[in-house]
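Enquirer: Got a structure here, written out as structure tokens. Questions coming.
The values are calculated or read from the model by the stated rules, or taken from the named source; none is laboratory data. All values derive from a computational prediction rather than experimental measurement. Methodologically, a virtual Cβ is constructed for each residue, glycine included, from the backbone with ideal geometry; neighbour enumeration extends over all protein chains shown. Just so you know, the surface numbers come from the protein's heavy atoms only, side chains and all, with ligands and any DNA or RNA stripped out. Shrake-Rupley method; radii C 1.70, N 1.55, O 1.52, S 1.80 Å.
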Amino acid sequence: MADENADIEGTVEDEDESSDDPDLQLELNVFRAQWMSELKPSSGASGTSNRLLQAKGLRKAQEIAREEKATELFLRAAQEEQNGAVYEAIKFYRMAMQLVPDIEFKINYSRPPDADRGGGNYMEDSDADGEIEDLLAYFEQQLSVEGSFPKICTPEVEMTQVHISALPREILMYIFRWVVSSDLDMRALEQLSLVCRGFYICARDPEIWRLACLRVWGRKCTKLVPFTSWREMFLQRPRVRFDGVYISKTSYIRQGEESLDGFYRAWHHVEYYRYLRFFPDGHVIMLTTPEEPLSVVPRLRTRNTRMDSVLLGHFRLSQETGNQTKVFAVVCKKKDEKATDFQKNRFCRRNPAPEAEHSFHVGLALSSGGHQSFSKLVWIHHSCHITYKLTGETVITTFDLDRMYTPFFFARVKSYTAFSEQPL
């Protein structure tokens, strides 16, 4: 009976559903359409993107606020350090670096016109320059903050005599040119820049470094490309050094003559040196001698040396496309003034040897050796040119570059730049 009732109820429900089927299908279609419109990918993506943009904007605002706070703390630490409060400065430095670890490199030390004397409103620049440029700008900023008429430096203690800071900057720059001198003692200029921030600014003056580059390369350095400054060109572009001497040491064993009784044969240890001394004006000195550097180097300070075996000449730098810098020099023995007096002697032979001029052509490749830059010269060519004055004929003899041609290595000599004869 129950089964029959269930069958009847099921039949009634099926009939009801079949009877109301069009309306239900319409409502279901409307519901499905509304539901699908709410679940469209475009609308969902736009909502998600809006939320992401809001999150990014909030995160960026937080980062900007964090950097501003870190900048304020860092500049306050720098001010405390200048005032001598080292411990307070360390505390603020630590707080700033906890907020932004690289805050030191994100600060631009250029001061806007309305900044206060404390220097709290420095402008930030994400594209910060190199360390030296930032330090230079920072020192210039400090000088400008101190007053409307800043001085290059200030005396540490009160004094009755005139301090060097009272001199105009033009006179100071002329003094710096005397420090560099015509020998291009740029090492002394770098040491002078360590005195104070004002001297550091003067030592980075582009005109001094431009004159130094012109002195070395002449017309070949009219453009800075690919370098960013004249100082960078002078420090990184290959060149020979003038504050010392290049020395080459050669040693070998030579067999001697046999003794009269034939019992033994002597062996000789031969050792000699070659010296090359370059000057900024293009002159060069070359000397081959068995004397050790201790006795020879002091006599090569100037071109007016009294050594008879010295060779004088000129050199030039040549930089090829393969970035290989070469040095070519032509040297000859200095003229002997006593030769003409000797020929006037009546005891001179009637048929003297034909007069000839001997010159030596040297080619060297410049490279860096060890920790020093441009400190090694390797032989690539050596020849002797003999020109007879009577006929004008030139005979060229090229030497084979064997193991006797050992490379030159640079040795700095402090006495070469101890005195300044001319300004740069």
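Enquirer: When Lys and Arg each count +1 and Asp and Glu each count -1, what net charge do the other residues less than 10 Å away from Phe374, Cβ to Cβ, add up to?
Expert: So the environment of Phe374 carries a net charge of +4.
Enquirer: What translational diffusion coefficient, to the nearest whole µm²/s, does segment 62-108 have by Stokes-Einstein, given a Kirkwood radius computed over alpha-carbon pairs, a temperature of 4 °C and 1.567 mPa s viscosity?
Expert: 126
Enquirer: In whole percent, how big is the carbon plus sulfur part of the accessible area of segment 62-108, probe 1.4 Å, protein atoms only?
Expert: The nonpolar share, carbon plus sulfur, comes to 52 percent.
Enquirer: Hey, another quick one. Considering only protein heavy atoms and a probe of 1.4 Å, how much of the accessible area of segment 224-313 is carbon and sulfur, as a whole percent?
Expert: Its accessible area is 53 percent carbon and sulfur atoms.
Enquirer: So what is the accessible area of segment 62-108 per residue, in Å², with the probe set to 1.4 Å?
Expert: Working: 3130 Å² over 47 residues.
Ligands and nucleic acids excluded, the figure is 67 Å² per residue.
Enquirer: To continue, here is another question. Obtain the nm distance between the two label points defined at Asn304 and Tyr174 by a simple spin-label model: each point lies 7 Å from its Cα along the Cα-to-C-beta direction.
Expert: 2.6
Enquirer: Of the peptides 268-274, 171-177, 28-34, how do they stack up when ordered by the mean number of other Cβ atoms within 10 Å, highest first?
Expert: Top to bottom by mean Cβ count within 10 Å: 171-177, 268-274, 28-34.
Enquirer: Separation between the Leu24 and Ser251 pseudo-spin-labels, each 7 Å from Cα along Cα→Cβ, expressed in nm?
Expert: Roughly 11.2 nm, to one decimal.
Enquirer: Just add up the charged neighbours of Ala266: K/R +1, D/E -1, any other residue whose Cβ is under 15 Å from the Cβ of Ala266.
Expert: Every neighbour counted, the sum reads -1.
Enquirer: Right, something else. Figure the gain on full extension for Gln82 and Tyr272 (residue separation times 0.36 nm, minus the Cα-Cα span) and round it to one decimal in nm.
Expert: Taking Gln82 through Tyr272 to full extension adds about 62.7 nm, to one decimal.
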